[in-house]
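These notes are about the structure you will find just below.
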Amino acid sequence: LYSAIQRLTESRPRKIPRLRVIFKVTVLAGKTGRSAFATMISEKGVFVRTMRPLEKGAEVKLTLDLPSSTPLALDGTVIYQVKFDRDRLVEPGMAILFKGLKEEVRLGLKKFIESHLTGDLEQEMII
């Protein structure tokens with residue numbers, strides 16, 4: 001279903017579902033850490049909203065404050081950045097690709113995303 005919708009609605013369809021989110025994330029690059037908010041997540045990576053994105057290729061350690069019993073600690077690499085531009089309505093930040101993700105963590109993220117994308121449909125009532 002997701003791929004069919006993507007083909008119809010997106011000029012560059014995505015193969016992996018993404019979920020719009022707002023949750024705290026801590027990004028550590030070298031010895032410098034910062035807190036920000038993640039605004040998009042997939043089973044492969046996360047977009048972090050920030051006015052000071054790290055350079056493409058930067059290696060990072062992430063702590064994601066997902067709704068779970070403990071924060072999720074992951075490694076990643078910045079794959080692109082979006083700089084703030086007052087003339088364009090784009091969200092500034094950086095996309096981080098997860099590295100060395102264990103299969104059970106990937107499947108957990110996939111399940112989390114799918115349940116949030118379709119969970120309310122199961123509760124839908126016909127009136």
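Nothing in this text is a laboratory measurement; each read-out follows from the coordinates by a stated rule. Quick caveat: nothing in here was measured; it's all calculated off a predicted structure. Note that we place each Cβ from the backbone using ideal geometry, even for glycine, and neighbour counts take in every protein chain shown.
One table, with the values for the structure above:
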quantity: Mean Cα-pair separation over length for segment 10-80, i.e. relative contact order, pairs under 8 Å, 6 or more apart, %; calculated: 27 percent
quantity: Links that overshoot a 27 Å alpha carbon limit, given the list Lys15/Lys56; Lys56/Lys111; Lys31/Lys110; Lys31/Lys111; calculated: Lys56/Lys111; Lys31/Lys110; Lys31/Lys111
quantity: Projected-area average for segment 58-98 over all orientations - Cα convex hull basis, square nanometres; calculated: 3.6 nm²
quantity: Descending principal axes extents, segment 16-115, alpha-carbon based, whole Å; calculated: 40, 30, 21
quantity: Sequence-distant residues sharing a close amide H with Ala58 (under 5 Å, placed H); calculated: Val78
quantity: FRET efficiency for Ala29 and Lys110, using Cβ-Cβ distance with R0 set to 25 Å, rounded to 0.05; calculated: 0.40
